[in-house]
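S.K.: Below is a structure I'd like to ask you about.
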Amino acid sequence: MIHLQKPQLLQMLEKSLRKSLPESLKAYGTIFHMYHGNPFNLKALVDKWPDFNTVIVCPQEQEMTDDFDHYTNTYQIYSKDPKKCQEFLATSDIINWKQHLQIQSTQCSLDEVIQNLASAKSVKVKRTQCLLYMMPNTAKKLVPLLLETMNFSPQPVRPKAINQEMFKCSSLDVVHAALVNKFWHFGGNEKSQRFIERCIRSFPSFCLLGPEGSPVSWSLMDHTGELRMGGTVPEYRDQGLISYIVCIQNEALDKLGFPLYNHTDKANKIVQKMSHTLHHVPMPCDWNQWNCVPL
């Protein structure tokens, strides 16, 4: 196990992972933001260097003090060879299987690896598999050959106009975390709210304030660079507000050079329709998350 700490090594890893996109997307996005500040205090580990097979990104040990906080105890994994990945993880103590944790990857091939490892460690696993999208400009920059194969040339879309007198563009404040947490599919608890608070403090966020001065629609990003936790309060839905926010967010973050991507549930036809309308590019690989709980 080798811990890559120097900025130049992280930059080398970022460039190497870029060659394996989109299958390396979750790890790539995380390394990108580690190289540009590392606000979540993460560490990047490889089995060997520079000719690595497996990359694992996770928090520093001092961050993972709550055994029940799987939002913090999260690992991003990319591997060129799943079989060797399993051998590597089985003989190392990188993953603390005694904790409640999450493993995230954009590689379906890691499912068998994680299931086998969890079984050997007496850990219960719940897998969530979702659709994965890249934003148009990100796809053009990072996966141009994939776009050629798909015969797809997406163009960024301007959002429909909204009532500028009723809604005001703004950013989220930490005090808004409870509202975001209430409507986040993966949230709704104290630990998820702490995670959201940290995301709001660490990364750019975007929202629309309603007539009462509180957020009615919002979107923010997590430590992997993924655009997540977007939502609209029920009384303001079906007005195109989240589409407007996503467009504003994409435009602003694209200027910062961020790789932009997101996921949605396979059953969420509303978000899928929005993604199609906004020319988000569907990826040939899935977004995967494995929630692991020791028995």
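The values are calculated or read from the model by the stated rules, or taken from the named source; none is laboratory data. Treat the numbers as computed from the prediction; the structure is a model and nothing was measured. Cβ atoms come from the backbone with ideal geometry, glycine included; neighbour counts cover every protein chain shown. Note: areas computed on protein heavy atoms with side chains; ligands, DNA, RNA excluded. Shrake-Rupley method; radii C 1.70, N 1.55, O 1.52, S 1.80 Å.
S.K.: Looking at Ser109, Ser119, Ser92, Ser105 in this structure, which one is modelled with pLDDT under 95 and either surrounded by fewer than 16 Cβ atoms within 10 Å (Cβ to Cβ) or within 19 Å of Cys285 (Cα to Cα) (or both)?
M.R.: Ser92
S.K.: Moving on to the next point. Can you name every residue in the range 162-179 that is in contact with a Lys or Arg (Cβ under 9 Å, 6 or more places away or on another chain) and either surrounded by 15 or more Cβ atoms within 10 Å (Cβ to Cβ) or part of a loop (DSSP other than H, G, I, E, B) (or both)?
M.R.: Matches in the range 162-179: Ala177 only.
S.K.: Of everything in the range 30-48, what is surrounded by 14 or more Cβ atoms within 10 Å (Cβ to Cβ) and touching a helix residue (DSSP H, G or I) at 6+ places or on another chain (Cβ under 8 Å)? Give them in sequence order.
M.R.: Across the range 30-48, the qualifying residues are Ile31, Phe32, Met34, Tyr35, Pro39, Phe40, Leu42, Ala44, Val46, Asp47.
S.K.: Quickly run through the range 180-199 and pick out the residues that are open to solvent by 40 Å² or more (accessible area, probe 1.4 Å) and either assigned to a helix (DSSP H, G or I) or closer than 23 Å to Gln239 by Cβ (or both).
M.R.: Of everything in the range 180-199, those that are open to solvent by 40 Å² or more (accessible area, probe 1.4 Å) and either assigned to a helix (DSSP H, G or I) or closer than 23 Å to Gln239 by Cβ (or both) turn out to be Lys182, Phe183, His185, Glu190, Lys191, Gln193, Arg194, Glu197, Arg198.
S.K.: I'd like the full set of residues that are more than 23 Å from Asn73 (Cα to Cα) and open to solvent by 70 Å² or more (accessible area, probe 1.4 Å), limited to the range 12-29.
M.R.: If the condition is that a residue be more than 23 Å from Asn73 (Cα to Cα) and open to solvent by 70 Å² or more (accessible area, probe 1.4 Å), then Met12, Lys15, Arg18, Lys19 are the ones that fit.
S.K.: To continue, here is another question. Do you know which residues across the range 246-285 are within 30 Å of Ala118 (Cα to Cα) and surrounded by 17 or more Cβ atoms within 10 Å (Cβ to Cβ)?
M.R.: Of everything in the range 246-285, those that are within 30 Å of Ala118 (Cα to Cα) and surrounded by 17 or more Cβ atoms within 10 Å (Cβ to Cβ) turn out to be Tyr261, Asn262, His263, Thr264, Met283, Cys285.
S.K.: Output the residues belonging to the range 66-103 that are within 13 Å of Val293 (Cα to Cα) and among the β-branched types (Val, Ile, Thr).
M.R.: Matches in the range 66-103: Thr74, Ile95, Ile103.
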